[in-house]
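These notes are about the structure you will find just below.
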Amino acid sequence: MTEVPNSDFHADTPFPPHAPVYLDFNATSPVDPRVAEEVMTYMAHEFGNAGSRTHSYGQRAKERVKQARAEVAAVVAAQVDEVFFTSGATESNNLAILGMAAHGEDTGKRHIISTQIEHKAVLEPLEVLQARGFDVELLPPTDGGWVSPEAVAAALRPDTLLVSVMAVNNETGVIQPLHEIAEVLSGHDAYFHVDAAQAFGKLIEPLRNARIDLLAVSGHKIGGPKGIGALICRRRGYTRAPLKPLMFGGGQERGLRPGTLPVALIAGMGTASALALNETEDRLRVAMEIKEKLLAALAPLGVELNGDVHRTVASTLNVSIPGVDSEAAIVALKDVVALSNGSACTSQAYEPSHVLTAAGFPQSRVEGALRLSWGPGTTQVPYEEIARRLRGLQKR
């Protein structure tokens with residue numbers, strides 16, 4: 001692993017002064033200043049093409065990509081050559097799901113198990129396969145927001161090709177029981193795909209389970225730049241999952257994902273990965289302090305927790321305040337905090353959360369849901385002012 005840049009934890013902040021406190025890390029995180037410095041170095045100075053073998057510029061770029069591969073691999077205890085760089089978790093999920101189609105068709109294995117609470121980056125590729133004749137089975141969550149391993153076991157069939165379960169739900173922050181699901185699959189040859197966009201760099205051990213074959217991650221969720229991610233494709237013995245590429249031309253990434261490698265973005269993701277791994281304990285401690293203080297401030301309002309709070313990551317809360325509509329709350333708080341009421345990928349045209357609806361919550365609770373998420377650099381959260389303004393909406 002590369003030496004992580006020297007800097008005190010939270011010594012610098014990317015947030016502008018006098019701006020609302022940013023509590024929407026699940027949508028995207030601010031780029032860590034140490035990462036930004038690395039990216040600019042490879043944009044402005046070390047600009048070589050990693051595929052150029054005839055000069056030192058290309059060689060240095062190639063070495064930085066190799067180093068970043070090792071930095072990403074270290075977070076999930078993968079081998080360096082099991083890391084394939086992509087444009088982000090959405091592309092990685094598409095490659096993992098659609099890339100399995102030919103193998104499913106060739107072997108007659110057309111059954112896929114997933115969940116009703118997946119991100120659209122998983123649900124929409126599954127719809128494409130369903131239109132091609134695959135049998136896609138979406139399991140409902142418990143009212144705590146997680147999918148039961150027993151439900152996965154009951155759905156498993158001899159012709160099951162793929163099981164796709166996210167690591168952490170992007171709306172509720174609920175951690176899914178990956179270890180238990182991996183145990184269910186221990187005697188079956190179905191491939192196990194995990195969308196880890198919200199977990200990579202935040203949960204360490206759950207993503208290191210060797211039974212997870214395909215792992216999709218994104219750089220901009222952990223202080224890295226947008227436009228870069230990876231698909232970790234673990235081997236079983238000496239055999240890699242039988243993925244077919246979705247694009248062609250150039251043969252980069254061992255023929256699985258062509259295109260000139262964005263060295264600056266890859267370098268940034270490598271540094272962000274190394275920082276996340278090295279600072280895990282500090283980040284977890286600070287995130288838990290914020291979570292506990294938010295819960296204490298909102299408790300007098302009769303807050304309803306959307307998702308089992310004991311199974312959520314330290315950096316996310318999804319709550320409904322009785323009598324408060326989420327859109328009204330966002331407007332009332334806009335000069336104080338930046339937050340959301342659902343996935344950023346569908347927020348341009350607000351629709352009731354498919355995640356909370358699948359959990360069986362009443363419509364009023366779904367429409368009132370607020371997602372608060374934070375991370376490194378989050379300080380000075382105005383807990384009491386948030387509660388005061390929401391209390392004011394309750395009295396209207």
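Taken together, the values in this text are just the output of simple stated rules run on the coordinates, not laboratory data. What you see is a predicted model; the values in this text were computed from it and never measured. In this analysis, Cβ positions are derived from the backbone assuming ideal geometry, glycine residues included, and neighbour counts consider all displayed protein chains.
Only one residue of Ser114, Val72, Pro149 has its Cα farthest out toward the positive end of the dipole of region 33-185, where Lys and Arg carry +1 and Asp and Glu -1 on Cβ, and that residue is Val72. Bridge orientation summary for region 169-306: considering DSSP beta bridges with both residues in this region, about 70 percent are antiparallel. For region 239-396, the Cβ-based charge dipole about the Cα centre amounts to some 260 debye (Lys, Arg positive; Asp, Glu negative; other atoms uncharged).
Under the classification rounded if a/c is under 1.5, otherwise prolate if a/b is larger than b/c and oblate if not, where does the chain fall, given a ≥ b ≥ c as square roots of the Cα gyration tensor eigenvalues? Oblate, because a/c is 1.5 or more while a/b does not exceed b/c.
Taking amide hydrogens as placed 1.01 Å from N in the peptide plane, the amide H of Phe192 sits under 5 Å from those of Val163, Asp213, Leu214, each at least 5 positions away in sequence or on another chain. From the Cα gyration tensor of region 156-305, with a ≥ b ≥ c the square roots of its eigenvalues, which class applies: rounded if a/c is under 1.5, or else prolate if a/b is larger than b/c, or else oblate? Note, shape of region 156-305 comes out oblate. GNM on the chain, alpha-carbon springs under 10 angstrom: the most fluctuating residue among Gly229, Gly201, Gly255 is Gly255. Ignoring lysines fewer than eight residues from Lys109 along the same chain, the ones with Cα atoms less than 24 angstrom from its Cα are Lys120, Lys244. Across Ala68, Ala299, Ala274, mean-square fluctuation computed from a Gaussian network of the chain (C-alpha pairs under 10 Å connected) peaks at Ala299. Remark: region 140-282 carries a charge dipole of roughly 740 debye about the Cα centre, counting +1 on each Lys and Arg Cβ and -1 on each Asp and Glu Cβ.
Spread over its residues, the convex hull of the C-alpha atoms of region 281-396 is 113 Å³ per residue. Of the trypsin sites (Lys or Arg not before Pro) found in region 54-138, those that fall in a DSSP loop while having at most 13 other beta-carbon atoms within 10 Å are Arg132.
Note on region 135-241: Cα convex hull, mean projected area over all directions, 7.5 nm². In plain terms, the chain from Glu63 to Ala102 could stretch by 10.7 nm, reckoned as 0.36 nm per residue minus the Cα-Cα distance. Charging the Cβ of each Asp and Glu at -1 and of each Lys and Arg at +1, and nothing else, the dipole of region 38-277 about its Cα centre rounds to 960 debye. So how far, in whole Å, is the C-alpha centre of region 77-109 from the one of region 32-52? A separation of 27 Å, based on Cα centres. Model label sites at Glu289 and Asn49, defined 7 Å from Cα along the beta-carbon direction, differ in position by 4.9 nm. GNM remark for the chain: springs join alpha carbons under 10 Å apart, and the peak mean-square fluctuation among Asn209, Asn93, Asn170 falls on Asn209. Region 354-396 and region 301-341 have Cα centres separated by 1 Å.
Give me the percent of DSSP beta bridges within the chain that run antiparallel, rounded to the nearest 5. Percent antiparallel among DSSP bridges in the chain is about 55. Rounded to the nearest 500, the 222 nm mean residue ellipticity of the chain from helices alone is -10500 deg cm²/dmol, with -39,500 (n - 2.57) taken per DSSP H run of at least 4 residues.
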